[in-house]
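Please read the structure below before turning to the comments.
The values are calculated or read from the model by the stated rules, or taken from the named source; none is laboratory data. Predicted model only: the values in this text are computed from it and were never measured. So basically every Cβ, Gly included, is an ideal-geometry build from the backbone, and we count neighbours across all protein chains shown.
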Amino acid sequence: MSYLSWLRQSMSWKKKNLKSQEATDPTCHKETAEVKALTEDEEFGVTEQLKNFVKSFSVDTFKNFPLQDDQRTVDNAGDSAPTTSSNVQKDLSEWQERHAIIVLSRVKEISQLRYILCPRYLKERQFWRIYFKLVKDYVAPYEIRAIQRAKLKRMGMEDGTSLSTSAYEVEMAEANPVMSVSPPAFLDNDSDEIPSTGVLVK
């Protein structure tokens, strides 16, 4: 049994098991939602260690953080960058954006700091740039893992596309067999005359 088929079987077994639990136990649905939230937190690097570290941040942590001058210039020039519904800057990667939304909802201290600092002392993008520099050691492994997963998924989709294209080409070849090409009529003649084609024959 291949790893892929084993994985599919175990996933389908888990789904069936969860459905049967939900049918018999009404509190199971709530527990499942909590497990999903914990899994998402873990996936986006919002661990207990990160939460404790983020709680140690103060206003001065952000105000005194050394940003390079060219970054400040870029920030001042791009104040009109679009934001999401939760007011998180769109210049973050998808993963960072989701992480930021989760951390704001889970750690009230960082939410309060953001409220105090933005936009009075820092622009939104400066705040998140500083934040991700501060938490780099905590979140980098999770972000790298997410990037690798996305690459594998993309490669799998491309392989699937190429496989289906190949299957289509084979189908077309079977549906339209190659026509047998008979030699030109003048080659069957015993005469030495060759019709004029404009090509000089030596």
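Being outside any loop (DSSP other than H, G, I, E, B) and closer than 23 Å to Pro66 by Cα holds for only one residue in Tyr121, Tyr142, Tyr115, and it is Tyr115. Considering only residues in region 44-91 that are at pLDDT 90 or above and aliphatic (A, V, I, L, M), the one that is surrounded by the most Cβ atoms within 10 Å (Cβ to Cβ) turns out to be Val46.
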